[in-house]
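Following: one structure in structure tokens, then a few remarks.
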Amino acid sequence: MTNAADSYLPITSADMEAFMKWADATMMQTQWRATKTVIRSGETLSIKPIPPSEQVTDTVSIFALANEISGSSAILTPEVNTVISTVRNGICMGLYLAQQYEKRAGLDIMRQQNASKSLGNGQLAEFNAKGATASAIAMFGAASYIVYELSRYQADKVATMKLDFPGVPELAYKTPQNGLVSVVYYFARYCSADAGIVNNGLELVKLALLYFESVTNEIHGKKSSLTFSEPFTEVSYKLENSDFIVKGFENTSKGAAVSVEFRKVGFGDIVGNRRAKHYAQRLAMMICCYDVIHKRNPFLELGSFPGTRMGFGFPGTGKSLQIAATATLIQELCERLSIPFLFWPMPATVVSTFQGGSAERMEDWMRRLTDDDKIVYAPVDDAENNFMDRSREGVSAGVKEVISVFLRNTEGASAIQRGNWVIELFTNLPEVIDPAVLSRVQSRFPIDGAESREDFIDQDFMWHRKLAKLDSKFVGMADPKGYEYLSAQKALHNLAELQKTDGGIYVAKDPKIAEAVERATKGWKKTEHDFFGHLYTYVRESYPRFSSRDVRNIQSAIDARIFDFDLPSEWLDDTKLFYTQPYDRKVEMLKEALRANMKGLDFASIRFEETLRYLDTLAQIANVQFERDVAATVGRISVNVEAEKRYKKAHS
């Protein structure tokens with residue numbers, strides 16, 4: 001398999017130019033004997049078969065329809081011109097890919113033999129099967145390219161448009177040219193005034209995206225029935241000066257992923273959440289060390305790169321702000337380092353009502369994490385909606401599909417982590433997240449919002465600072481004594497600073513965890529490996545779902561503390577000092593910085609603290625539903641008691 005980034009077979013402009021004459025002729029005039037047609041009934045479009053007695057050869061012209069949509073016979077609108085040129089280039093792409101397959105599969109020789117009547121009887125079935133595969137390659141390659149290009153064109157406007165589109169009526173699998181003619185013909189029929197879909201250029205863009213994506217989906221669904229396809233599926237292609245790639249019949253190019261717009265937020269705009277903010281800053285530091293040329297991240301190689309993280313807290317504590325601030329910081333660093341950045345939040349519509357649709361959408365979303373030429377930040381807000389515990393009653397089949405794809409692509413056999421992407425789950429209800437998904441989370445951090453006196457003062461300060469811009473004397477309230485505004489929100493150099501403000505040594509909060517610690521302490525010291533072996537055993541007695549994967553996650557948290565140091569600021573000021581150094585040299589420089597940081601650390605203490613933090617979080621998630629049920633019951637009892645008092649008072 002040729003999956004490495006440097007093993008793509010190149011496609012040049014000259015390669016495609018060779019097929020331009022045929023593409024122009026086909027778009028100028030397309031003839032097809034249709035067996036199906038698109039019928040409009042009121043507001044609804046549907047696909048209907050044409051009786052054999054009524055089937056005739058029809059002629060259409062994409063170019064003529066383009067002029068009609070533009071309202072001019074001389075000048076095409078920019079939107080229409082973009083679609084026409086993209087479709088033409090797509091046809092050339094499809095024909096080129098089919099030609100390469102024919103050479104690799106020996107189909108070109110078999111065509112000559114068939115034309116000269118020298119094809120053996122035993123070869124006829126193979127000849128027809130390879131012809132069908134070549135047709136599929138041509139149609140798939142053309143449609144993939146068209147979707148790739150058009151998905152980036154006025155994406156915000158096109159995404160909000162709604163068009164009635166019932167699907168692709170039929171595709172032909174005889175020869176590449178025959179297949180492309182069928183594709184062009186039915187696209188033209190959808191563009192015609194009879195269909196009543198397209199009234200302007202943007203609607204044409206939307207229709208083209210819907211239509212050609214349906215073509216790729218249909219062929220993708222038939223790939224298992226396409227025999228002799230190995231000469232195509234075992235190689236990969238890449239268009240020069242472009243991100244467009246072809247890897248067999250996989251939908252790798254459903255449009256070039258374009259960063260979703262997000263609100264620019266600085267961490268100074270967030271009150272509280274000091275631990276979460278610090279983790280985000282460390283994440284940005286680590287992920288931006290990704291080497292685009294070597295496709296590796298030294299932090300991953302050194303064993304301290306959490307690919308999946310989770311922030312949790314009550315509603316209104318700043319999870320959405322945390323996402324925006326993290327994206328802002330990573331983007332700013334990427335811009336300074338000239339590394340492409342992709343902000344790729346999971347869409348709220350990933351769960352589909354159609355069987356298999358959720359898996360397909362999730363695969364498409366996860367596939368962007370394999371874009372090894374950029375840094376990808378992939379947050380999942382309200383993660384409980386898409387990752388709900390599969391054992392709960394009423395969980396949809398779509399959610400189960402999403403979880404299955406997530407698990408397979410994060411730690412499955414096909415999971416690839418180069419250190420250029422991170423998934424962050426954010427949720428108000430961590431206890432309803434599927435346990436298997438939770439087990440993939442290597443780093444967990446609470447998002448509690450404002451907690452201290454200083455936090456609430458700073459939150460008010462941000463508010464009345466806005467009012468002061470209107471009238472500096474309007475607020476007129478006395479400043480707090482002994483406190484400088486926003487000083488509590490300053491960035492941390494390391495988590496040791498936060499430990500001091502939190503009161504020093506961490507103590508287990510969950511009673512069962514505290515009891516396990518006490519039992520382990522009676523026989524062993526925290527400087528002994530035996531202590532942790534027994535501690536984990538005792539924890540498992542109270543929390544049976546505690547597993548070796550949790551131990552690995554604890555180890556990841558400890559690794560993060562060991563790597564909890566600032567990179568020298570001059571490395572970012574002058575990228576030649578570190579970021580543009582040879583990869584092996586960067587690894588050694590980080591090792592030197594790590595060794596210097598380790599000298600001031602007490603491993604046993606860090607291990608003990610991070611272990612208890614993780615175990616407390618595990619217990620909190622496990623117990624929260626029970627506590628919620630208890631609180632609800634207490635509330636109902638309180639209401640009943642108060643109601644009884646009022647009733648007695650009213651009737652005394």
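The values are calculated or read from the model by the stated rules, or taken from the named source; none is laboratory data. Predicted model, so just to flag it, every value in this text is computed and none were measured. Counting neighbours? That spans all protein chains shown, and the Cβs are built from the backbone with ideal geometry, glycine included.
Odds and ends about this structure:
- Total residues in the range 314-355 satisfying the condition of being assigned to a loop (DSSP other than H, G, I, E, B), polar (S, T, N, Q) and closer than 18 Å to residue 380 by Cβ: the figure is 3.
- Within the range 520-540, tally of residues that are without any contact (Cβ under 8 Å) to a residue 24 or more places away in the chain, loosely packed, with under 14 Cβ neighbours inside 10 Å and touching a helix residue (DSSP H, G or I) at 6+ places or on another chain (Cβ under 8 Å): 4
- Selection of the range 444-480 for residues being in contact with a Gly (Cβ under 7 Å, 6 or more places away or on another chain) and assigned to a loop (DSSP other than H, G, I, E, B) yields 447, 448, 449, 450, 451.
- Residue 126 being in the same structural domain as residue 24 (by TED's automatic domain parsing) and more than 28 Å from residue 57 (Cβ to Cβ): yes
- Residue selected from the range 582-607 under the condition farther than 21 Å from residue 309 by Cβ and under 30 Å from the mean Cα position of the chain (by Cα), by the criterion surrounded by the most Cβ atoms within 10 Å (Cβ to Cβ): 586
- Residues that are aliphatic (A, V, I, L, M) and surrounded by 12 or more Cβ atoms within 10 Å (Cβ to Cβ) within the range 472-495 comprise 475, 486, 488, 491, 492, 495, listed in sequence order.
- Selected residue (only one of 628, 595 is charged (D, E, K, R), in a helix (DSSP H, G or I) and closer than 30 Å to residue 542 by Cβ): 628
- Residue check, residue 618 more than 30 Å from residue 337 (Cβ to Cβ), in contact with an Asp or Glu (Cβ under 8 Å, 6 or more places away or on another chain) and in contact (Cβ under 8 Å) with a residue 60 or more places away in the chain: yes
- Failed condition for residue 648, given (1) touching a residue at least 40 places away in the same chain (Cβ under 8 Å); (2) farther than 30 Å from residue 433 by Cβ: (1)
Rundown of residues vs (1) among the β-branched types (Val, Ile, Thr); (2) modelled with pLDDT under 90; (3) buried (at least 18 other Cβ atoms within 10 Å of the Cβ), yes/no style:
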residue	(1), (2), (3)
96	no, no, yes
100	no, no, yes
108	no, no, no
114	no, yes, no
120	no, yes, no
134	no, no, yes
137	yes, no, yes
144	no, no, yes
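- The conditions of being of a type in the set (D, E, K, R), out of contact with any strand residue (DSSP E or B) (no Cβ under 6 Å at 6 or more places or on another chain), touching a residue at least 24 places away in the same chain (Cβ under 8 Å) and part of a helix (DSSP H, G or I) are met by residue 282.
- Restricting the range 36-74 to residues that are out of contact with any Lys or Arg (no Cβ under 7 Å at 6 or more places or on another chain), among the β-branched types (Val, Ile, Thr) and surrounded by 13 or more Cβ atoms within 10 Å (Cβ to Cβ), the residue that is farthest from residue 199 (Cα to Cα) is 62.
- Here the condition is being within 21 Å of residue 62 (Cα to Cα) and in contact with a Leu (Cβ under 9 Å, 6 or more places away or on another chain); of 182, 214, it holds for 182 alone.
- Subset of the range 356-395 that is part of a helix (DSSP H, G or I) and of a type in the set (Gly, Ala, Ser) - its residue that is surrounded by the fewest Cβ atoms within 10 Å (Cβ to Cβ): 357
- Within the range 405-418, one or more residues are touching a Lys or Arg at 6+ places or on another chain (Cβ under 8 Å), surrounded by 17 or more Cβ atoms within 10 Å (Cβ to Cβ), assigned to a loop (DSSP other than H, G, I, E, B) and assigned by TED's automatic domain parsing to the domain that holds residue 442.
- Condition broken by residue 84, with the remaining ones in (1) surrounded by fewer than 22 Cβ atoms within 10 Å (Cβ to Cβ); (2) modelled with pLDDT of 90 or more; (3) in the same structural domain as residue 134 (by TED's automatic domain parsing); (4) more than 31 Å from the chain's Cα centre (by Cα) satisfied: (4)
- At least 2 residues being modelled with pLDDT of 85 or more and within 27 Å of residue 12 (Cα to Cα) is the threshold, and among the helices (runs of 4 or more DSSP H) wholly inside the range 153-265 those reaching it are 176-191, 201-222, 230-233.
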